[in-house]
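The next block holds one structure in the form of structure tokens; read it before the comments.
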Amino acid sequence: MRPSPRLAGLLALSLLVLTACGGGGPSGAPAAPSVSDATADTRTVKSGGTLNIGLNADPDALDPSVSTTLVGREVFASMCEKLFDIDAKSALVPQLATALPEVSKDGKEVTIRLRQGVKFNDGTELDAEAVKKSLDRHRTWEKSSRQADLAAVDEVSVVDDATVKLTLSRAFTPLTAQLADRAGMIMSPKALDEGGDNFGTNPVCVGPFKFAGRTSGSQITLERAPDYYDAAKVKLDKLVYKIIVDPNVRAANLKSGDIEVADQLATTTVAGVQADPGLSVVSGGGLGYFGITINIGNASGATEKAGAVTGSLGKSPQLREAFELALDREVINKTVYNGLYEVDCFPVPLDSPYRTPDLRCPERDLDRAKELVRASGVPAPVAVTLTTPNDATNQRLAQVVQQMAKEAGFEVSVQTAEFVSTLEQGKAGKFEAMLVGWSGRVDPDGNLTNIVTSRGSNNYSGLSDPGIDDPIEEAAATSDVNRRAELYAQAMRRAAELRGILYLYHNKYYLGMHKNVAGVQYFKDGLPRFATAGFVA
């Protein structure tokens, strides 16, 4: 479908902006870097040195039990190891465990055997009691954001010093994947006792680097951990994560040498970084998504019972359908992201084995959108307040959405806020529509349960429907991949009908680096791993 003259003008203007920023238009768009570019770099690195890394946002609390941000996970990747992890092929592998879990025939007992001789970064021994203490905190502490991740776990028991057993209320296939993220991060029991609720101000885990200090809004410093069980492979002395929100400044600092690594390069800056002979770009991510969350039932908080909302968009299924039909995902990708993202309208990646091929996205249909606005009975233009993080890229996305929706009869007001503030508003239900994403998990349950099932910890939209809840719960109880895919498709089709989230794309992450930096691992989870990184010898 051809864009309207007004939208075509917006596209042309945006392409000029992209070119000015070094992104080029569709004919000169940079080739998408490959994730293999990072994993294949095995050049020898020397010992010592400080690696300066530019982060696109300031993480929330560095406490695995309460953290909810991707940038927080990026920092944790260097200082807080988990029971399990993923590898370059997105396969689950043991990390603090010695092997993948042993699962009973009925799926209700999960036995995890632990590495021995491992110490936390304060010298405390890691044993089964320490693992139990962390898992119990994750699943029972009233402030924990991990409760839903571990909701199927009834009890954590110590079998011996190197073995824990998890007793489940129901079979839960995604458990290993949950334990490969923050729910599986094990914290020092000594530091938990000393820090209590404030553990995040001085976090201590097992990792190649240990926490050394934080200046809010400025930087986070980690130092090489002498007690790390695989310390010989760690070459760098220090990691300094610098908070540089503006993507153009982040790219400029990379080029000037103020930082050696820049995370989440804006797609408008990728080509300019690629063109610099001293820099390289590698790609990760793709498991997550970004979209527009609409408050349809979050009246008093994401984990509370769904209730009536006041916004016209949230109250009217016709208006939500009209809003979606006003959007052109392909144009958004070209206009805002230089065509470097993957357009989609569902949360499970297109290449996932849990994605059925029959799921299709609606194309832009402005005539039908206008009909639905008229049929809703709400006088046009329909007022909508769209909340967005205050970075340049998301503000540009909000402006494109604003212009597209205007053609269908909506008057979108854009409200900006700090990234973490938008998450707080989302959790509290203090918004009408919001630009927000999810960094993604290898198991599709991680992209669905907490976000679209009733009273999920990140269910900002307030969705509550048995047509979503029941198939997702059933899918988690079976290990049959095809059956799980069918059940997830049922749930996603129902969620697409209710439109609590209008998914726009799966976002790739682009990591810029100086060419004298090697040994960085960058996988589909979008978390740069620096355990083996260093400067080329």
If I ask for residues that are assigned to a helix (DSSP H, G or I), under 18 Å from Gly519 (Cα atoms) and aliphatic (A, V, I, L, M), which ones from the stretch 58-99 would you list?
Val75, Ala77, Met79
Being open to solvent by 30 Å² or more (accessible area, probe 1.4 Å), part of a strand (DSSP E or B) and closer than 18 Å to Cys80 by Cα, is that true of even one residue in the stretch 239-248?
no
Quick check on the stretch 115-133: of everything there that is open to solvent by less than 30 Å² (accessible area, probe 1.4 Å) and without any contact (Cβ under 8 Å) to a residue 60 or more places away in the chain, which residue is nearest to Met185 (Cα to Cα)?
Val131
Taking the stretch 155-209, which residues are open to solvent by 10 Å² or more (accessible area, probe 1.4 Å), closer than 23 Å to Gly117 by Cβ and not in a helix (DSSP H, G or I)?
Ser157, Val158, Val159, Asp160, Asp161, Ala162, Lys165, Ala180, Val204
Given (1) surrounded by 21 or more Cβ atoms within 10 Å (Cβ to Cβ); (2) at pLDDT below 95, index of the condition Thr42 fails:
(1)
Those residues of the stretch 345-379 which are in a loop (DSSP other than H, G, I, E, B), more than 30 Å from Val420 (Cα to Cα) and open to solvent by 70 Å² or more (accessible area, probe 1.4 Å) amount to Asp351, Pro353, Pro357, Asp358, Arg360, Glu363, Pro379
Of all residues in the stretch 210-229, how many are assigned to a loop (DSSP other than H, G, I, E, B) and open to solvent by 60 Å² or more (accessible area, probe 1.4 Å)?
3
Cβ-Cβ under 8 Å, sequence separation 6+ or interchain: first residue in the stretch 398-419 and within 19 Å of Ala369 (Cα to Cα) and of a type in the set (Asp, Glu), partner surrounded by fewer than 16 Cβ atoms within 10 Å (Cβ to Cβ) and at pLDDT below 95. Which pairs?
Glu407/Ser4; Glu407/Arg6
Residue identified as within 22 Å of Ile294 (Cβ to Cβ) and either open to solvent by less than 10 Å² (accessible area, probe 1.4 Å) or hydrophobic (A, V, I, L, M, F, W, C) (or both) among Leu498, Leu511:
Leu498
How many of the residues in the stretch 439-470 are in contact with a Leu (Cβ under 9 Å, 6 or more places away or on another chain), buried (at least 23 other Cβ atoms within 10 Å of the Cβ) and not in a loop (DSSP other than H, G, I, E, B)?
5
Please verify whether Glu304 is in a helix (DSSP H, G or I), open to solvent by 20 Å² or more (accessible area, probe 1.4 Å) and over 27 Å from Gln264 (Cβ atoms), treating the condition exactly as stated.
no
Take the residues in the stretch 100-114 that are among the basic types (Lys, Arg) and either under 23 Å from the mean Cα position of the chain (by Cα) or in a loop (DSSP other than H, G, I, E, B) (or both); name whichever of them is surrounded by the most Cβ atoms within 10 Å (Cβ to Cβ).
Lys108
Taking the stretch 249-275 and keeping residues within 18 Å of Pro389 (Cβ to Cβ), charged (D, E, K, R) and in a loop (DSSP other than H, G, I, E, B) leaves Asp263
For the stretch 350-371, state whether one or more residues are in contact with a strand residue (DSSP E or B) (Cβ under 7 Å, 6 or more places away or on another chain) and either within 30 Å of Met513 (Cβ to Cβ) or modelled with pLDDT under 95 (or both).
yes
Filter the stretch 249-278 down to the residues that are touching a helix residue (DSSP H, G or I) at 6+ places or on another chain (Cβ under 7 Å) and among the charged types (D, E, K, R), then identify the one that is least open to solvent (accessible area, probe 1.4 Å).
Asp263
Within the stretch 315-325, identify whether any single residue is surrounded by fewer than 17 Cβ atoms within 10 Å (Cβ to Cβ), of a type outside the set (D, E, K, R) and free of Cβ contacts under 8 Å to residues at least 12 places away in the same chain, and answer yes or no.
no
Could you list, in sequence order, the residues of the stretch 495-525 that are of a type in the set (Phe, Trp, Tyr) and either in contact with a Pro (Cβ under 6 Å, 6 or more places away or on another chain) or closer than 14 Å to Asp344 by Cα (or both)?
Tyr503, Tyr505, Tyr522
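The values are calculated or read from the model by the stated rules, or taken from the named source; none is laboratory data. Please read all numbers here as calculations on a predicted model, not as lab measurements. So basically every Cβ, Gly included, is an ideal-geometry build from the backbone, and we count neighbours across all protein chains shown. The protein model used for the area step is the full one, side chains on, heavy atoms only, and it has no ligands, DNA or RNA in it. Shrake-Rupley method; radii C 1.70, N 1.55, O 1.52, S 1.80 Å.
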